[in-house]
Amino acid sequence: MADSKDAGEEALRRLIATFQPSFLAPNPALSETSRAASRHLFSALRPFCPKSPLDQLLIDGFDAEQIWQQIDLQSQPLLSSLRRQVKHFAKNPEEISKLKVVPLGKKVEKEQREDWVEESDGFDEELEDDEEGEGKGGEEGMDIEDEDEEQGRESDNEEESEGEDEEEKGEDGEAGDGGIEDKFLKIDELAKYLEKEEENFEKAEEDTRGKKGADDEENTEDDDDDDEEEEEEEEESDEVSVLLGSIVSDFVLLCLHRMLSLDLAAKMQQGTWKMQGMDLFYGVFLTLEHCGWDEQFILLLRYEDFFGDKGKYSKKMKAQLHQESEGSDEEDDDMKFKKQNKGTASTHQKQLEKIHSKIEEMEKANLEPKTWTMQGEVTAAKRPKNSALEVDLDFEHNVRPAPVITEEVTASIEDMIKKRITEGNFNDVQKAPKLPSKVPREVKELDDNKSKKGLAEIYEQEYVEKEDPTSAPLSFRDEQKQQASVLFKKLGLKLDALAHFSFAPKPVIEDMSVQINVPALAMEEIAPVAVSDAAMLAPEEVFEGKGDIKEETELTKEERKRRRANKKRRFKAAAVKRMGKKVQEGALPNQMNG
Amino acid sequence: MVLSSMEVEAAPSKAKPLPPKPMFEPLKPYEMSDGQFRKVSVPQHRYNPLKKALLDIYTPIYEQMKIDIRMNLKARKVELKMRPDTPDISNLQKCADFVHAFMIGFDVLDAIALLHLDELYVESFEIKDVKTLRGDHLSRAIGRLSGKGGKTKFAIENATKTRIVIADTKIHILESFANIKIVRDSLCRLIMGSPVGKVYSKLRAVTARLA
């Protein structure tokens, strides 16, 4: 234990001694030391929080966030109880005097503290007050505690030198609630801690003071890591100091967290860990300090200087504080359980309180005017500028949205066009055929040409037509009609012949012509088949030969000879004739010439 | 005294019987038109056509109408005289009209209709009767009347069964009573300047109705 304690202290000292801006860069060695230091502090504080589920801070293989959670688990209830006690003491200042005071250790502390004041810059009166408050009654091993406290405080101071503004805030807190409220400070946490500590205090007042003292004795050898927690323990009676301590504790916790999570800087670079408000402030503080700003001046800077409205927030936070101080601490089940055991407020009651608070909230919201999104028709004048951009508006679109033209869409359209062109299927507008309602009147057209008939003849014709209507000559139209009808009949005949079923016989054609060599079948057959000249005649009709007709191969030798002789004779006769003709012709021109 | 009955002298009333009413036979045309004849002057531009068509003119007049016809070359006139066997007194007038029509400018075949039909007549008027036009306007009016190649004129002729002769500023129409209005209307419209299409449409409507 002592070794580990020593190691822890060593780690703490090393931490304190490190160059402060080095915390900003990821450093594995530094993180290791900080982890060891935090473990040391955790185990030192363990006796002061009986409800804590963890006996030791688990470091190996744990994430910075997880370590922080463990610390948080331990410190949260303590802080809330301390806050509650501070409040209590604020209301009943006479009780402060009832607290026990440890004179010896206190003086020593004071001396040491003064040293520290000289050492550390801008050390606060707050701490002095805290340490005064630390003189709690019932803590016997105060010296050792004080030592521890010293050391712890040393570390704390060193730690706190980074965050002196907290003390400032604590000072401000002294002045009143209005000064505390700051976004950097979490008032709800404050309230919770106060509650917790109130309970603790009540408990302690009854029987556990000595116990605590015993616990303190046991653990005095351990360094106090969180001076604040010790302070909380010790300063339970001192509401102010408790309050301050809680504030301080808050910040120190956060700084601790920061130390642990310096390796988070690496993560931040990776983008896996996001910087939070406190870290931002811490960074800002460091940089400002580095720039040479006066620390006191820096500490005077507050959240309001950086962001937001001052008055509103403070009022709001005041209200919250009041509300939540009454509420229970949900997060700490142990506390709840213990509260149940104590009987201060049953679970059911707490639930009811929660519900009531919720109801009040909701009623308040109902009374207030609604946001512009919940109001019906809102014109641009009634809502803040550019607020419509932040809201996800839903419109009913009557018009189909314009099609997004992608390559696929164009390709599909082009394919369709090509297909249509190849098919020849166009959507041309076709004129609807007008139904013939009545017989179209015969339009008599004006004849531009000179009439071939004389006037007398025209009248003559007219007279004749009048006398004898039948003898009316065919008009031009009628002639055309007749020609058309003749043509159609011819065509119709051919078409009917193709379709046998409905065949009509040949029409009587006026002009008679004798067809030679038409086979008898063609005349009678219903369907005239295509007839060629060859089929027209019978073989005998084609050739009339006399005698036995033999082919050349069938001939005997003698017959062949005979044929040849006949042929020669005929040829000779023809030749002679030709010669005779030629002679005659030749004679004539001779005669002419001659 | 006695009133004596007067002895009416019964004069032997040998009233002279009045001569019987003369029964005259109707006068023959020849006798009616005693010494009547018509003389139709021949304008110079119709001299040659007359020469060519003389026989065509002579034959129907002499043969069918039974009117004497002769050409007075010195006076440049066609003279028509009745013959004793002329059937009708109006023949002379008809023939005279026929010849006159020819002299105006109508064709023989057209003018012969005058001989055959009673209801045909010739009407003449001038452009200036319709509208006073001068110079180019006048020429244009004449052009409008005849149309390109005479087609407007022919269109009117064919539609209304008439014959039209446009001689410079004079217009002669050989028509029947039925078609007076149409022809005259169309021609007047054309003179006054309406477009040909309009005239055509009117003609079409009218002829459809008539036919």
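The values are calculated or read from the model by the stated rules, or taken from the named source; none is laboratory data. None of the values given here were measured: they were computed from a predicted structure. Because the Cβ atoms are built from the backbone with ideal geometry, glycine has one as well, and the counts that use them run over all protein chains shown. Heavy atoms of the whole protein, side chains included, go into the accessibility calculation; ligands, DNA and RNA do not. Shrake-Rupley method; radii C 1.70, N 1.55, O 1.52, S 1.80 Å.
Per the Cauchy relation, a quarter of the hull surface: what is the mean projected area of the convex hull of the alpha carbons in region B:58-211, in nm²? Display every interim value, and only then the final one.
Working: hull surface 43.0 nm².
One quarter of the hull surface, i.e. the mean projection, equals 10.8 nm².
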_As a test question: what accessible area, to the nearest 10 Å², does residue A:576 have when a 1.4 Å probe is rolled over all protein chains in place?_
100 Å²
*Provide B:24, B:106 ordered by accessible surface of protein heavy atoms (probe 1.4 Å), highest first.*
B:24, B:106
*May I ask you to derive the relative contact order of region A:31-83, considering only C-alpha pairs under 8 Å and at least 6 residues apart, and to give it as an integer percent?*
32 percent
_Would you calculate the convex hull of the Cα atoms in region B:122-208 and tell me its volume per residue in Å³?_
79 Å³
_For a Förster distance of 51 Å, can you work out the FRET efficiency between the beta-carbons of residue A:585 and residue B:44, rounded to the nearest 0.05?_
0.15
*Exposure rank, largest accessible area first [A:68, A:372; 1.4 Å]*: A:372, A:68
*For region A:568-585 and region B:52-115, what is the separation of their Cα centres, given in Å?*
78 Å
*Spherically averaged projected area of region B:37-118 from its Cα convex hull (nm²)*: 4.8 nm²
*Taking region A:31-83 as the region of interest, what is the percent of Cα-Cα pairs per 5 angstrom bin, listed from the shortest bin to the one with the maximum distance?*
4, 21, 33, 23, 13, 5, 1
*For A:5, A:561, write out the residues from largest to smallest accessible area, computed with a 1.4 angstrom probe and no ligands counted.*
A:561, A:5
*Using 7 Å Cα-to-Cβ label points, what is the residue A:385/residue A:423 separation (nm, one decimal)?*
6.0 nm
*Full extension from residue A:25 to residue A:434: what is 0.36 nm times the residue separation minus their Cα-Cα distance, to one decimal in nm?*
137.9 nm
*Calculated FRET value between residue A:479 and residue B:54, using beta carbons and R₀ = 35 Å, to 0.05*: 0.40
*Rounded to the nearest 0.05, what FRET efficiency do residue A:450 and residue B:85 have when you use their Cβ-Cβ distance and R0 = 41 Å?*
0.60
_Under the span-like rule (Cα at least 20 Å along the axis, Kyte-Doolittle mean at least -0.5), DSSP H helices of chain B_ = B:90-104, B:196-210
*asked:* At 7 Å along Cα-to-Cβ for each site, give me the label-to-label distance between residue B:70 and residue A:466 in nm.
replied: 3.9 nm
*Which value, in Å² rounded to 10, gives the accessible area of residue B:173 with a 1.4 Å probe and all protein chains present?*
0 Å²
*Any chance you could look up the accessible area of residue B:37 with a 1.4 Å probe, heavy atoms only, rounded to 10 Å²?*
100 Å²
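Take every Cα pair under 8 Å in region B:37-118 that's 6+ residues apart, average their separations, divide by the length, and report that relative contact order as a whole percent.
Normalised by residue count, the contact order of region B:37-118 is 33 percent.
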_Restraint check, A:91/A:350; A:444/B:198; A:98/A:350; B:77/B:170; A:466/B:51, Cα-Cα greater than 26 Å_ = A:98/A:350; A:466/B:51
